[in-house]
1. Within the range B:74-83, does at least one residue satisfy the condition of being farther than 20 Å from A:A288 by Cα and either in contact with a Phe, Trp or Tyr (Cβ under 9 Å, 6 or more places away or on another chain) or not assigned by TED's automatic domain parsing to the domain that holds B:E121 (or both)?
2. Go over the candidates A:V101, A:V164 one by one and state the one that is among the β-branched types (V, I, T) and closer than 27 Å to A:V213 by Cα.
3. What are the residue pairs meeting all of these: first residue in the range B:50-75, first residue without any contact (Cβ under 8 Å) to a residue 12 or more places away in the chain, second residue small (G, A, S), Cβ atoms under 9 Å, and 6 or more apart or on different chains?
4. Please go through the range A:242-290 and pick out each residue that is in contact (Cβ under 8 Å) with a residue 12 or more places away in the chain, in contact with a helix residue (DSSP H, G or I) (Cβ under 9 Å, 6 or more places away or on another chain) and assigned to a loop (DSSP other than H, G, I, E, B).
5. Six or more apart or on different chains, Cβ under 6 Å: which pairs go from a residue in the range B:284-309 that's assigned by TED's automatic domain parsing to the domain that holds B:G43 to one that's at pLDDT 75 or above and surrounded by fewer than 18 Cβ atoms within 10 Å (Cβ to Cβ)? Could you list them?
6. Which residue is nearest to the other protein chains (Cβ to nearest Cβ), if the candidates are limited to the range B:121-140 and must be charged (D, E, K, R) and touching a residue at least 12 places away in the same chain (Cβ under 8 Å)?
7. When you go through (1) in contact with a helix residue (DSSP H, G or I) (Cβ under 8 Å, 6 or more places away or on another chain); (2) not in a helix (DSSP H, G or I) one by one for B:M106, which number turns out not to apply?
8. Within the range B:118-144, work out how many residues are at pLDDT below 90 and part of a helix (DSSP H, G or I).
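The values are calculated or read from the model by the stated rules, or taken from the named source; none is laboratory data. Note that this is a predicted model, so its numbers are computed, not measured. Glycine also receives a Cβ, built like all others from the backbone with ideal geometry; neighbour counts cover every protein chain displayed.
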Amino acid sequence: MSVATATAELPPRRMLSGRPSTLTIVSWELRKLMAQRRTYLGLALGAIPPLIFVVFWNFHQGPDRHGGIFATEITQSGLATPVLMLLFESAFLLPLIAALVSGDIVANEDSNGTLKTILTRSVDRGQVFAAKTLAAMAYAAAAVFGAAAIATIAGVASWGFHHVITLSDTVVSAPEALLLIVAANAAVLIPLLTVVSIGVLLSTVTRNSAAAVVGTIGVVIVLYIVTAIPGLEAIHPYLLTGQLQAWQGLLRTPTDWGPIAHSAWVCALYALPSLFAAYLVFLRRDVAGG
Amino acid sequence: MASVAGDSPPVKARGLVKRYKDLLAVDHIDLNVNAGEVYGFLGPNGAGKTTTLRMLLGLIMPTAGHIELFGRDPIREGARALDGVAGFVEAPRFYPYLSGRKNLRMMAALDGLGARARVDEVLDTVDLTDAADKRAGAYSHGMGQRLGIAGALLRRPELLVLDEPATGLDPAGIRDMRVLIGRLASEGITVLLSSHQLAEVQEICDRVAIVRSGKVAYEGPLADLRGAAGNGYRLHTSDDRRAAELARTTPGIHALSVGEAELRFDASERDAGALSLALGAAGVAIYRMAPTLASLEDLFFELTEGGGAAAHGMATPDGTAPAGAASGGTAETTERAAGTV
């Protein structure tokens, strides 16, 4: 390095002015996510199933296949596709995608040593934690709405923009159905953001991406297993996994807000302690990696 | 960002302790780094240097003790205590999937207003402009070190904390790093420089702390350490035989030995100076009179691997003056002066 001459050109020293906002850190967290290939792998996991479904149905079953209520519903309107996909993906795939990033977002920086890089700048630990949590949540939201958008576009392209029949056997117009799809995907975010909170906690505590991701998915699997154990029916309403289908209340007429409200407070019981514990650990932890 | 406290020293640490279960990594370390000096933090690997620096930067919590950076506690005040402070511990780390420039932009964004405008400037300072748009993951170790310096300079620091900055660099890289640190120090930046090699820091440090097993074995001016190092000299003249005769008759010259190409003797700086005058008066030209640095290194090894400061009558962290320390100029100045006789 030609420092001998270059340092002579250093500007006079003075203190920096202005402290970065948490939103600034969030924007850089998102840029870092966007710069990594695995980010798109997660998004693709959510977007590919609807494409496979639509292509498979069209090429192997035919666009006008008859022979069952399910098939009739699907081919009646392209807007049924995102609903069907949400039904399938919300059970496991979307929690998996949420776990992929949330379990990695702190632990990866820890193992790479970059946590010390950002914690020795002019930002507080609380800001960094909030930014990472918000970025992981934003990613989960992007995965949900990205998958819904792909499913909607693919479905409408195949079977048109028509009215749909709700779970209460009532008919809603296509524009109203579109709004319901958006609302249903927003509702599924409640338990998904809870999964993110658990992922952030494990990511902060374990300092190991693989352990945190697998651990988060493991929590979901264990809760599904608990659901299947006879004699534990009393706790089913309070299991996180049960909240992953609460969005279906929006597809009834009149709208059944009960499952949504129940999902909100049950998820809060999981998410808030997780985030609070993660926050405390992050504030006090030793950053010795790298 | 608020300006740093005016009269508070850049670093003041008292009774720092860090314990990991049964391992006492740092054992009641006191540090005092004064404004404008280059402070060497020396010790073998595993002595507790990096742990101490991490505590200074608020990365790890001390088990006990108190730290102030320009009067602010990094543990209690967080990022505000790092105003005016920059640097890195162990190797600087970056996002390998971002370019060097984007890494710096990210750091600048996290530093606050004004830093982003200096990205190109600091890239130029460390001579990374041409490689700025390469992924940081493709950088060599030396380029990574330079990017780490660039990241630190973005903050226009008053205190620069560098942990083994020359580790892994080739000789030219080490030289350049030394030049850069010297230039930054000459501009008034206080530098806290850790190293496990005495030779790496002895040319640029004003004062040093030598740590061993988590404790400070010596803290004070490097000149005092040199003074206690045995006062050995090597002398090469135009007439070594005549020089040996004069040395034998000059008071304070001890342990004289005559080799094929040089003389060796022990003396205080004052007595070595008297000998140089005597040689000049006798018409014997001094080609070289230099302190035997090996004895300084020996002392360093003894401090870090055995013995201790007390065994050598040297300064300990409680401020006891070294018994054997020479007053006045350093051994380096003696060498320079002798060379001009």
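1. The answer is yes; a qualifying residue exists.
2. A:V101
3. Hits for this filter: B:D73/B:G58; B:D73/B:A81.
4. The answer is A:R285, A:V287, A:G289, A:G290.
5. Filtered contacts from the range B:284-309: no entries.
6. The extreme case among them is B:D127.
7. All conditions are met except number (2).
8. Within the range B:118-144, residues that are at pLDDT below 90 and part of a helix (DSSP H, G or I) number 3.
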